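Asker: Take this structure, written in structure tokens, and hold onto it; I'll ask about it next.
The values are calculated or read from the model by the stated rules, or taken from the named source; none is laboratory data. Predicted, not measured: the structure shown is a model, and the values here were computed from it. Using ideal geometry, Cβ is built from the backbone for each residue, glycine included, and neighbour counts are taken over all protein chains shown. Ligands, DNA and RNA are excluded from the accessible area calculation, which covers all protein heavy atoms including side chains. Shrake-Rupley method; radii C 1.70, N 1.55, O 1.52, S 1.80 Å.
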2 protein chains.
Amino acid sequence: MSASRTARERARAELIREIKAAARRQLAEVGAAGLSLRAVARELGMVSSAVYRYFPSRDDLLTALIIEAFDDVGAAVERADAACPREDLIGRWLACCRAIRDWALAHPHEYALIHGTPVPGYAAPEETVVPASRDGRVLAGILRDAEAAGVLAPPAGLPPAPASFAEDAARLREQVFPPVSDDVILRALIAWTWVYGAVSFELFGMYRNVITDRAAAFEHGALCLARMVGLPLPDDA
Amino acid sequence: MSASRTARERARAELIREIKAAARRQLAEVGAAGLSLRAVARELGMVSSAVYRYFPSRDDLLTALIIEAFDDVGAAVERADAACPREDLIGRWLACCRAIRDWALAHPHEYALIHGTPVPGYAAPEETVVPASRDGRVLAGILRDAEAAGVLAPPAGLPPAPASFAEDAARLREQVFPPVSDDVILRALIAWTWVYGAVSFELFGMYRNVITDRAAAFEHGALCLARMVGLPLPDDA
DNA sequence: CTATGTCAAGAGCATTGCTCTCGTTTGTGG
DNA sequence: CCACAAACGAGAGCAATGCTCTTGACATAG
């Protein structure tokens, strides 16, 4: 019942796609703050008020783009993971991290849209929450395989996860994470946080005059954090 | 020659201060994207064109606010560090991390201004680079004291810093860091990156439905990263 | 005292997001 | 088959915005 209803519905779906495509093009050029509904309408040869039939406000258009962006980076991570041999856990981890960074460098404005300042005053709506977790699921999948292979060896010498994290850990374990300890789950979140922190720092210019070879430094950090989570390093010290 | 020149200059400096103050108030309310030069002018009882005598463009006002914000968080970190006993290295580290997070939670819009999307298309100008490093200097100071006390013990089992980082490390060692290994410097940068990544994730809503007790999780992460850098943990495992 | 440069004020331009009202087109139920 | 309602594109219009330009008042320097 969803495919090809009336001609009107098909036209509508098509137009929504075109509007989003034009908006993405413009987003890539001028950034989120400069995205103009009127300009999008102009590019499509329609009048501005017509666009409002499809997106009730500029923020709704932005939200659609946010969801697409989350989905896009999620897909990139999934592809990167799938391209690795399943048993090369650290290779998969690095590939995923690299995929995030590469995607961000290739789509800086879209990255800024999803990990920079939430636009004007608004809070990211609920519907962005699911696509936002695609990358996390992939990362958790690597941990799952590591656990299944019995090679998950989180280093000692670190403090235990706070007791207040137990409930979160239980829920996450049920949803995405393998049956590993609270410590590992929290460390995985810490590593996930770092990846995006590093990408944001690089993209927003915080590494200027600090780190030159950012790709190598990123790789190094990703490796260190993977070790902290418990993934086995390749071979060398 | 800088203090109290002509009445005109004094009036000018005073007005610049007032404009910035009004802009900060407005920034705290409506965020960077909603900051309006005209509204600032209204609040001050002047006409919009008059403000342009003091800030040639809206972005220049924003830049001034960015510098102030960097300075503000830098000062907060310095205060937090100074309030700790010098020999309590891990306590100082945690206090600094906490200061960053607390400042960000108290000034979300200003934090978003300096660590979120750089406004429209523009790249943060050079003059923001010095104030942006105040917090880093404090963190590096802790490492310096740890090194001097001979308690800096970076854990083994992690990969060495990439060779391409050597030049950066040398420069940083000269500028802010104590004479420690490239590995420690890079790990410190990784930890520094994480702190802001975690604050950004928390502030921008990425921990929704993921981490509940964010303060405790942040503390835990800061501790783990401190350990990775080489700071000695209090006592327990 | 005069001349120069600074200043606030106002009008004005182009642009934006968004609303409202028109006819027109399209799909559907009688 | 046809009439009615919903969806639609177009256009005008409103309240804002950033920014420019001109005008006239003022203070300061010579």
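Asker: Condition first: of a type in the set (Gly, Ala, Ser), away from chain A (no Cβ under 14 Å) and away from DNA strand D (no atom under 13 Å from the Cβ). Now tell me which residues in region B:18-43 satisfy that.
Answerer: B:ALA21
Asker: Further question: Of a type in the set (Lys, Arg) and within 13 Å of DNA strand D (Cβ to nearest atom): is that true of B:ARG53 in this structure?
Answerer: Details: of a type in the set (Lys, Arg): yes; within 13 Å of DNA strand D (Cβ to nearest atom): yes.
Yes: the conditions hold for B:ARG53.
Asker: Follow-up. Take the residues in region B:27-37 that are open to solvent by 20 Å² or more (accessible area, probe 1.4 Å) and more than 20 Å from the chain's Cα centre (by Cα), then tell me which one is farthest from B:ALA112 (Cα to Cα).
Answerer: My answer is B:SER36.
Asker: Shifting gears a bit: Which of the helices (runs of 4 or more DSSP H) contained wholly in region A:77-191 include at least 2 residues that are open to solvent by 20 Å² or more (accessible area, probe 1.4 Å), facing another protein chain (nearest Cβ under 10 Å) and of a type outside the set (S, T, N, Q)?
Answerer: A:108-115, A:166-175
Asker: If you don't mind, another one. Which ones in region A:1-12 are polar (S, T, N, Q) and more than 10 Å from DNA strand C (Cβ to nearest atom)?
Answerer: A:SER2, A:SER4
Asker: Of all the residues that make up region B:190-215, how many are within 18 Å of B:VAL229 (Cβ to Cβ) and of a type in the set (S, T, N, Q)?
Answerer: 1
Asker: Find the residue count for region A:192-237, including only residues that are facing chain B (nearest Cβ under 7 Å), under 20 Å from A:PRO108 (Cβ atoms) and either open to solvent by 30 Å² or more (accessible area, probe 1.4 Å) or aromatic (Phe, Trp, Tyr) (or both).
Answerer: 8
Asker: Hey, can you tell me all the residues within region B:49-76 that are under 16 Å from B:ARG12 (Cα atoms) and within 16 Å of DNA strand C (Cβ to nearest atom)?
Answerer: Of everything in region B:49-76, those that are under 16 Å from B:ARG12 (Cα atoms) and within 16 Å of DNA strand C (Cβ to nearest atom) turn out to be B:SER49, B:ALA50, B:VAL51, B:TYR52, B:ARG53, B:TYR54, B:PHE55, B:PRO56, B:LEU61.
Asker: Turning to a different aspect of this structure: Quick check on my filter: what residues within region A:13-48 are assigned to a helix (DSSP H, G or I), within 12 Å of A:GLU110 (Cβ to Cβ) and within 13 Å of DNA strand C (Cβ to nearest atom)?
Answerer: Passing the criteria: A:ALA23, A:GLN26, A:LEU27, A:GLU29.
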